[in-house]
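Chemist: Before anything else, here's the structure in question.
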Amino acid sequence: MRCQVRFLPSERMIEIEAGERSLLEATRLAGLPIASACGENGACARCGVEILDGEESLEPETERETRIKERNRIDSELRLACRVHPSGDVTIRASYW
Ligand code: FES
């Protein structure tokens, strides 16, 4: 099954296999920039993105993800794009897209 990832404000969209790629990978496949300083290991929190729609299509936040966001002082509402793999359609936002 495939799902759509929509990127705002760029309005770019991409289709990926559900559950197989992280949001960070999807972002790169869409040709958009995304920060990463930890080799996509869920440690730097630079890849935080806002989930506008489709939160239920992502894995629930783990204690580790919460801790990493607190430690790196990023908005608790953001999700770490390298940690989540959409299983359905999602719309995400980063101010620099
Ligand atoms: S790339 Fe470092 S936490 Fe996602």
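Values in this text are rule-based calculations from the coordinates and carry no lab data. The structure presented is a predicted model; accordingly, all values stated were derived computationally and were not measured. Note that we place each Cβ from the backbone using ideal geometry, even for glycine, and neighbour counts take in every protein chain shown.
Chemist: Of the conditions (1) within 16 Å of the ligand (Cβ to nearest atom); (2) in contact with a His (Cβ under 7 Å, 6 or more places away or on another chain), Gly19 clears all except one; give me its number.
Modeler: (1)
Chemist: Sticking with this one: What's the number of the only condition in (1) under 12 Å from Arg83 (Cα atoms); (2) more than 12 Å from the ligand (Cβ to nearest atom) that Asp53 fails to meet?
Modeler: In the conditions (1) under 12 Å from Arg83 (Cα atoms); (2) more than 12 Å from the ligand (Cβ to nearest atom), Asp53 misses (1) alone.
Chemist: Here is a further query. Name every residue in the stretch 26-50 that is acidic (Asp, Glu) and within 11 Å of the ligand (Cβ to nearest atom), in order of residue number.
Modeler: In the first step, residues of the stretch 26-50 are kept if they are acidic (Asp, Glu); the result is 40, 50.
Across the stretch 26-50, the qualifying residue is only Glu40.
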